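Reviewing the structure listed below.
The values are calculated or read from the model by the stated rules, or taken from the named source; none is laboratory data. None of these values were measured; they are calculated from a predicted model. Here the Cβ is made from the backbone with ideal geometry for all residues, glycine too, and neighbour counts use every protein chain on show. To get the accessible areas, we keep the full protein, side chains included, count just its heavy atoms, and leave off ligands, DNA and RNA. Shrake-Rupley method; radii C 1.70, N 1.55, O 1.52, S 1.80 Å.
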Amino acid sequence: GGTITQTSTSIVSFIFKKSGTQIYTASGNTVTGNIDYTVNSASILDVGTSLVLGRNFTLASGGGMLIGSPDGISSSGLTGNIQVSGTRSFNTVADYTFSGVDPQITGNGLPATIRNLTVNNSSDVSLTNTVTATGILTFTSGLINTGSNELKVTNTSTSSIVGYTSSKYVNGNLRRSVSGSGSYFFPVGTALNYELANVNLSTTAGVSNILVQFIDSTPLIPSLPLTNINVQGLATDSLLNYGFWRLTPNSA
């Protein structure tokens, strides 16, 4: 609630080093001068909707952030939670949680590759760019809207995506890395409907990841009606017209 001002050329450093979550709260734009922030490994900085001002900000490898700004985190400029005037370093081996109240974007400060990603916003989170999570994707609340971007999970464990339900899933493009066998769930859907897909692999040859989308339009072309199609001995001349899944492996 007060002010922090560094008027000399020397540097004041705030180092968050506690194991677990530490909370940063600022009630106004009251920090000026050469003031640096570092979030160490194993420490998680919860900034809520507060602005972090000063000179440099560093989220170290193994650290984490809880981000509440509707604009997420930005690489520069006066948007997002981190608005220091100097360098903003967001590590690729760190954890990022989007926990806003209003609709959020991830922001152009979020690295293209991160460790763990958590979505905890009932008003949903939208990707600013394609993002790859190498660890765990966790759904606590809300949807991830990818738009034309992709959300990639490169951890081949079948449990690398957790917490998904009919109200917590990916609206858009989800790409999962897979191993030679296993049962992989793809929690995808549209803005209105959850359309969970499950891919059971017994063996694969050359396939290391699969992109899954749910397309909310009829799979049929009116000029090409279904004729002479039999499925297990039953004639088929129509399909449910709400939509269809598109599964695209990286290799045939």
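Would you mind telling me the share, in percent, of accessible area of the range 32-124 contributed by carbon and sulfur at probe 1.4 angstrom? Walk me through the intermediate numbers first.
Working: 1600 of 3220 Å².
About 50 percent, which is the carbon plus sulfur part of the accessible surface.
For Rg and Dmax of the Cα atoms in Å, which listed value, (i) 22.1, 84; (ii) 24.8, 88; (iii) 19.4, 66, comes from the coordinates shown?
Comparing each candidate, only (i) matches the computed number.
Residue by residue, what Karplus-based ³J(HN,Hα) values in Hz, rounded to whole numbers, does the range 126-131 have, using 6.51, -1.76 and 1.60 with θ = phi - 60° and x for Gly and Pro?
10, 6, 7, 8, 5, 10
If you take the beta carbon distance between T92 and I221 as r and set R0 to 51 Å, what does 1/(1 + (r/R0)^6) give as a FRET efficiency, to the nearest 0.05?
0.70
Tell me the relative contact order for the chain as a rounded percent, counting alpha carbon contacts under 8 Å between residues six or more apart.
On the way: 714 pairs, mean separation 23.5, N = 252.
Relative contact order comes out at 9 percent.
Using a probe radius of 1.4 Å on heavy atoms only, what accessible surface per residue do you get for the chain? Whole Å² is fine.
Here the residues of the chain average 48 Å² of exposed surface.
What figure in square angstrom, to the nearest 10, would you give for the accessible area of F185 with a 1.4 Å probe?
Surface accessible to solvent at F185 totals approximately 70 Å².
In whole Hz, what ³J(HN,Hα) sequence does the range 161-169 give by Karplus (6.51, -1.76, 1.60; θ = phi - 60°), x for Gly and Pro?
The phi angles translate into 10, 9, x, 6, 8, 5, 10, 9, 6 Hz.
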